[in-house]
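Comments concern the structure below.
FYI, it's all coordinate maths here, none of it is from the lab. Everything quoted here is computed from the prediction, not taken from an experiment. Here the Cβ positions follow ideal geometry from the backbone for every residue, glycine too, while neighbour counts run over all protein chains shown.
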C-alpha cells in the first residue's frame, strides 16, 4: 500500500490519531530511507485537508478535531467570522488563520484549543463569489480590478486580452475565474457599468454586487407572453365581478397583487381579500417558475423594479387592473361588531376591480369626513366602514399582545423631472387599513393549511433569544424603566406593554429601535413556529404572489386543498418545502440588503445638495468612534468623535452611550445637526453638532 494511504488509514482508524510524525513513523515501521517520502505524504494530506497538524505537532482528521463547515464573513480590517452551517454561534478567525479564504467562501474549520469561540480554516470547500464589482486600472502588462467591497481581500488580476475594452477608471463587473494559492485572484471583465463615481454607475454596481438583474432570459419572456394571452373565463370559479371591489396602492405601483371589498350584514362585516392568481399562469417547474424561484422576490429601488415575474404577467395578466376581469384567490371573512372573526371561506375566483385607488386618495376621502361622498358615491361609504373595522382590529391586536413597532421606513422616489424626493415619514390610516386586512387573510389561510396538515410555507418569527432580551431589559433599566420579566419566557404582550407605557415619553422612538434590534428576523419555514411580533400562533404570506415566491407556493398548496386533493399536495410540496423556506428567506435577505444600500446611495445624493443646512435629529446609534443621528425623513448621518464637544468620553456599549464628564450622548436623545459632507464611497452623510 502507498505510504500516503497507510498514514491516512492509521490516523483515520484512531491508531495514529493525535500522534506526532516520529511516533506515526515508529508505529508504521517507516525505515530511515523512506522518512523523507513519509514526511511529504504527511504534508500532502494536510494540504488536501484530509488531516490537520495541530500547534503541538500532532496529526488528526478534521472529524477527530471537531471540524465544522461554515461561511466566511470577512471584515475590512482583515479578520473574519465563520458562521457554521448548523448553529447560531459565530467563530472568530484572525487573518493568519484564514488560510487565504475570502469573504463568502464555504470552508472547513476547527475550533482553536483553549478558546471558546476562535477557529482555524483548514480547507476551502467552495468559493462564495462568482463575480465582483470594482474600479478597473491597468499597466503595460495587465489590468486589475480594485473591488468596491473592502471585505474581499484581493485585487483581481485581468489579462489584457480579457478587459472587454474597459478603460482605467471604469466601474466594471468581473467574473472570478481562478484562485491561485498565494497569488492574486484571476478574472475577466464581463460588463462595463460606467465611469467610477458616476451616480448611475454606482447604483448599477450595487445591483450587480448582489447578482441581481432586471432583464429576463428570452425564453422566460416568450413563455410569459404566451400564457398572458389566455382568455379569461369563469370556468367554475366563484364570480365576484358584481361585488364592489377596489385596489389601494402607492402612486407609482404597477404590479397590483391585492384588492379588497367590504359589505355590512347586519352588525357583521364581510371582508373580502382578493389576491392575484399567479399560479394559474405560472406552473410548478416550468421555465417562468424556475426563474421566479431563482429570484425569490421582486426588488424595489427608487428608479426601477427588478421584478420576480416578466412584465407581461406582473404588470399585465396577473395585475388586478381597474375594469379588467382577473383570476384571483379570494379569502372572504366575516367579523362581528367587535372585530372577532366568526368564519372564513377561501375560493378560486374571478373579480373585476371597480377602482384603482391610491393611499393618498383614500387618506383625503377619510380626512374629508363625508365631503367627498358625491365625488366617490359608492366608494367613500365603504372606505369609512373599512376605517372603522381597521381601528377595531388594531385595538384587538394590541389587546392580544401584538408588538406594534413604529419603525420609520423611507419612501424614496424619483419624480418626473428626475429629482430625488424623500418626504418626511408618514404612516396614514389608509396604509394601516390594508395592513390589517392582509394580516387577517394571511392568518386565515395559514390556519386552513394547518388544519389540513398540508405541506406549507409559514411565515415565522421566533421569540427573542434570552441573551438579547436580557440586554434589552438592561437598557430599559438605564432609562429608569424597571422591567421584572424572565428573559427565558418573554411573551409578545410583555413587549407591547413596554411600548404602551413609553409611547408618550421622549425616548419612545429609541425603545422601538432597540426593541427591534433585540428581536429575531422573520423567515419562511415548513414548520409552524408562530409569529412573535404579530402575537399570532399561525401565519403565512398569501397576499403578494406577483412579487414573493413563498406566496406563490402557498397558492399552489391551497388550490390542491380546495380541490380536495390533499394527497397530491403532499406528494408535490412536502419534498421541497424545507429547502424552499431556506432559499426564499435568503433571497429576501439579499433583496433587503440591496434595497438598503441603494437607498443609502440616494440619501447621500439627496443630501449632497443640502450641505450647510441644519436639521432637528435624534441619536439613532452610538459607537466608540462617534454617534449616528436620524432626521425626520429617515436619513441617517454620522458625527465623528473628533467633532463632538471636547471631553473625556467613555463608550458604554450595553447602554448605547458615549459619556463624558461634561457631555453625554445616548441613543434616543434629541439634537440639532448640520450637514457638512457626503461620502459616496461609504454611502454615508456626515453631520456636525450644532
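Structure notes:
- Computed [θ] at 222 nm, helices only, for the chain once each DSSP H run of length n ≥ 4 contributes -39500 (n - 2.57): -10000 deg cm²/dmol
- Relative contact order (%) - the chain, alpha-carbon pairs under 8 angstrom, separation at least six: 9
- Taking the longest Cα principal axis of the chain as reference, the axis of helix 218-228 is set at about 20 degrees.
- Between the helical axis of 379-400 and the longest alpha-carbon principal axis of the chain there is an angle of about 50 degrees.
- Compared with the dominant principal axis of the Cα atoms in the chain, helix 508-518 is inclined by about 50°.
- Shape category assigned to the range 306-419 from the gyration tensor of Cα positions, a/c cut at 1.5: rounded
- Mean Cβ neighbour count within 10 Å, used as a protection proxy, ranking 224-236, 56-68 highest first: 56-68, 224-236
- Using a Förster distance of 41 Å, the FRET efficiency for residue 47-residue 303 (Cβ separation, nearest 0.05): 0.25
- Compared with the direct C-alpha span, the chain from residue 479 to residue 648 gains 58.6 nm at full extension, assuming 0.36 nm per residue.
- An oblate overall shape is assigned to the range 131-209, the ratio a/c of its alpha-carbon gyration tensor axes (a ≥ b ≥ c) being 1.5 or greater and a/b not exceeding b/c.
- Using the Cβ-Cβ distance between residue 566 and residue 517 with R0 set to 45 Å, the FRET efficiency from 1/(1 + (r/R0)^6) comes to roughly 0.60.
- For the range 131-209, the share of DSSP beta bridges that are antiparallel, to the nearest 5, is 90%.
- Extension gain, residue 181 to residue 589, is 143.7 nm, computed as 0.36 nm per intervening residue step minus the present C-alpha separation.
- Averaging Cα coordinates gives a centre for the range 440-481 and one for the range 1-80; these two points are 46 Å apart.
- DSSP beta bridge pairing in the range 66-126, given as percent antiparallel to the nearest 5: 95
- For the range 500-567: relative contact order, % (alpha-carbon pairs under 8 angstrom, 6 or more apart): 13
- For the range 1-93, relative contact order (Cα pairs under 8 Å, six or more residues apart, normalised by length) works out to 22 percent.
- In this structure, residue 378 and residue 414 have a Cβ-Cβ separation that, at R0 = 41 Å, corresponds to a calculated FRET efficiency of about 0.75.
- Shape class for the range 499-602: prolate, because the ratio a/c of the largest to smallest gyration tensor axis (alpha-carbon atoms, square roots of eigenvalues) is 1.5 or more and a/b beats b/c.
- Pair residue 579, residue 672: separation of 7 Å Cα→Cβ label points (nm): 6.1
- Structural size metrics of the range 610-689, computed from C-alpha coordinates, are Rg and Dmax of 12.0, 35 Å.
- Our estimate of slack between residue 215 and residue 613, defined as 0.36 nm per intervening residue step minus the Cα-Cα distance, is 139.3 nm.
- Antiparallel bridge percentage (DSSP; both residues within the chain; nearest 5): 90
- Within the range 41-66: backbone nitrogen closer than 19 Å to the residue 23 label point (7 Å, Cα to C-beta): 42-43, 46, 51-66
- Label assignment, Cα Rg over 2.2 N^0.38 Å derived from the structure, set [x] 1.11; [y] 1.37; [z] 1.15: [x]
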